[in-house]
Amino acid sequence: MRSGSLTWFNATALTLGFAFLYVPILILVVFSFNASRAVTVWGGFSTQWYAALLRNQALMDAAWVTVRIALVSATLATVLGTMAAIALTRYGRFRGRGLFTGLVYAPMVMPEVITGLALLLLFVSIGLDRGFWTIMLAHTTFTMCFVTVVVQARLVTVDRSLEEAAADLGATPLRAFLTVTLPLIAPAIVAGFLLAFTLSLDDLVIASFTSGPGATTLPMRIYSQVRLGVTPEINAASTILIGLVTVAVLAAAIVTKRRASGVGG
């Protein structure tokens, strides 16, 4: 038997691992279509809780806040992350590069509790009222590093001779970037945006530290209601959130794979 072949033990361990991760999510999705109000008793198939969710103004307001924060923070994180990736890839060694690299990647490895607490102390010390914009700034800080990683990985594989050829033909550095480099790294930028959007969409810890009156996100609203008991509306809201996150992740993966296939071809 080859060492790389799949044994019964590996197959069993893999199956149990995936079951442990995804069966609870599958159960939640199934019970979001439960006709019974008791979330643990199946009463038949129904979509009534999705209609009830649309009538729940508190959850709908929280969902709208969450989407707006995710869109704004993902856009800013994409712009800043792309600029950071270009600086790390194109400008070689410069004064303070080590410190800059550490600051860019620190949110990726730092526990979210510490990040949220640090940002809370920052906002309090500068007298910035907590609300929509503080959550947006916090999510931008948190997600920018992920965009940087994705875009930097693509920039490393871009043929520099294409940019040099554009410069030889009279293009300025900015024009060479816009006409040559940007189209080549566009799929990575889109993937980074979708990843940042997804991370912002389902964040709870950092948003809890940096939120204020009138800026309650959907994960925060769901968490506060779950403490009083799970309702079918929560299952429906969670299912929609899972669907959005899944679509965003799959879209990012497809964009990256298609671009990689095109480059490989």
Legend entry - Neighbours by Cβ (under 8 Å, 6+ apart or cross-chain): first from the stretch 174-187, more than 13 Å from T78 (Cβ to Cβ); second surrounded by 12 or more Cβ atoms within 10 Å (Cβ to Cβ) and basic (K, R): L184/R154
Legend entry - Residue in the stretch 26-48 that is part of a helix (DSSP H, G or I), under 21 Å from A248 (Cα atoms) and open to solvent by 70 Å² or more (accessible area, probe 1.4 Å) present: yes
Legend entry - Index of the failed condition, M60 passing every other in (1) open to solvent by 50 Å² or more (accessible area, probe 1.4 Å); (2) at pLDDT 80 or above; (3) more than 23 Å from the chain's Cα centre (by Cα); (4) over 30 Å from V150 (Cβ atoms): (3)
Legend entry - Subset of the stretch 97-132 [open to solvent by 80 Å² or more (accessible area, probe 1.4 Å) and within 22 Å of A84 (Cα to Cα)]: L99, L103, V109
Inset, instruction - Considering (1) modelled with pLDDT of 85 or more; (2) among the small types (G, A, S); (3) out of contact with any Ser or Thr (no Cβ under 7 Å at 6 or more places or on another chain), say which one A207 fails and leave the rest. - result: (3)
Inset, instruction - Identify the residue in the stretch 159-192 that is among the acidic types (D, E) and part of a helix (DSSP H, G or I) and, among all such residues, is surrounded by the fewest Cβ atoms within 10 Å (Cβ to Cβ). - result: D168
Legend entry - Leading residue by the ranking (farthest from the chain's Cα centre (by Cα)) among those in the stretch 12-51 that are in contact (Cβ under 8 Å) with a residue 60 or more places away in the chain and closer than 23 Å to L204 by Cβ: V39
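The values are calculated or read from the model by the stated rules, or taken from the named source; none is laboratory data. Please read these numbers as outputs of a predicted model, since none were measured by experiment. Reconstructed Cβ throughout: ideal geometry from the backbone, glycine too, with neighbour counts over all protein chains shown. We work out accessible area using only protein heavy atoms, side chains counted, and drop any ligands, DNA or RNA first. Shrake-Rupley method; radii C 1.70, N 1.55, O 1.52, S 1.80 Å.
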